[in-house]
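The values are calculated or read from the model by the stated rules, or taken from the named source; none is laboratory data. Source: prediction; values computed, not measured. Here the Cβ positions follow ideal geometry from the backbone for every residue, glycine too, while neighbour counts run over all protein chains shown. Areas reflect the complete protein model, heavy atoms only, side chains present, ligands, DNA and RNA absent. Shrake-Rupley method; radii C 1.70, N 1.55, O 1.52, S 1.80 Å.
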Amino acid sequence: MAAIDLQGVNLALGQGAARVHILKDVSLTVAAGETVGLVGPSGSGKSTLLMTLAGLERPDSGVVRVLDQDLSRLDEDGLAQFRGRNIGVVFQSFHLIPTMTALENVATPLELAGVGDAFERARAELASVGLAERLQHRPAELSGGEQQRVALARALAPKPAIVVADEPTGNLDEATGRQVAELLFAKTAERGATLVVVTHDPNLASRCGRMVRLRSGRIEPEAQAA
């Protein structure tokens with residue numbers, strides 16, 4: 001079974017004269033356990049494609065199937081529940097809640113999803129990314145690399161089948177970015193999760209099993225070959 005299957009997806013953003021056709025007839029299949037890098041120039045639609053396959057943007061037309069679920073058949077609540085169980089998301093800018101500790105940032109989404117051992121699971125995930133000593137620190141007390149490791153632990157804690165990452169090393173220096181990339185690939189591989197990464201970093205892209213190149217909202221045909 002394909003983990004992700006997009007067929008004929010079109011998506012435009014904005015209103016009226018400012019409306020821009022971002023994704024143009026995009027079809028993409030990602031196998032379970034595969035690692036895929038989405039690459040291409042700025043403005044080519046990489047992040048929008050990632051958000052669409054993660055159920056964070058709804059296309060205007062076409063089909064988005066994730067783990068054999070047609071996302072268009074889910075209402076907003078159903079989509080949020082499906083995403084919470086099955087898709088871990090790592091953003092470039094961390095998206096941590098500033099008033100919460102590292103532990104609370106990871107545990108709270110689990111609690112909201114009804115996980116009984118939310119804090120125990122959060123502690124274990126934070127320890128697995130090297131933050132066992134930083135559980136009670138708030139984001140402002142953590143370095144950029146530490147904040148991104150908290151975000152990675154939060155994405156992994158629900159044990160998702162799919163992890164998507166949008167420029168996960170984009171706000172980090174080279175050495176720290178390399179450490180975060182090591183963790184991202186190692187932790188998803190350990191769990192057999194599917195990984196889709198948007199990146200401008202050629203070193204990060206080269207670690208993926210396949211690169212899919214976008215240009216002007218379309219997938220370049222040769223990039224579809226494994």
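Overview of results
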quantity	calculated
For region 1-67 and region 110-150, distance of Cα centres in Å	30 Å
Along each principal axis, Cα extent of region 171-226, largest first, Å	32, 27, 15
Burial order of peptide ranges 150-157, 192-199, 8-15 (average beta-carbon count within 10 Å, highest first)	150-157, 192-199, 8-15
For region 106-217, diffusion coefficient by Stokes-Einstein and Kirkwood Rh (Cα), 25 °C, 0.890 mPa s, µm²/s	165 µm²/s
Descending Cα extents along the principal axes, region 1-62, whole Å	41, 24, 18
Descending principal axes extents, region 121-181, alpha-carbon based, whole Å	30, 28, 16
Accessible area in the full protein assembly, largest first, 1.4 Å probe, for LYS187, LYS159	LYS159, LYS187
MET100 accessible area, 1.4 Å probe, all protein chains in place, Å² to nearest 10	50 Å²
Reachable lysines from LYS159, criterion Cα separation under 26 angstrom, eight or more residues apart if same chain	LYS46, LYS187
Carbon and sulfur %, accessible surface of region 2-219 computed with the full protein complex present, 1.4 Å	49 percent
Estimated FRET transfer efficiency when R0 is 25 angstrom, pair SER206-ALA2 (beta carbons, to 0.05)	0.60
More than 23 Å apart - percent of Cα-Cα pairs taken over region 1-159	47 percent
Fraction of antiparallel bridges per DSSP, the chain only, in percent to nearest 5	50 percent
Size of charge dipole - region 2-219 - debye, nearest 20, with Cβ of Lys, Arg +1 and Asp, Glu -1, no other charges	500 debye
Mean ellipticity per residue at 222 nm, deg cm²/dmol - from DSSP H runs of n ≥ 4 across the chain, formula -39500 (n - 2.57)	-10500 deg cm²/dmol
Residues of the chain: accessible area per residue with a 1.4 Å probe, Å²	47 Å²
Accessible surface of SER216 - all protein chains present, 1.4 Å probe, nearest 10 Å²	70 Å²
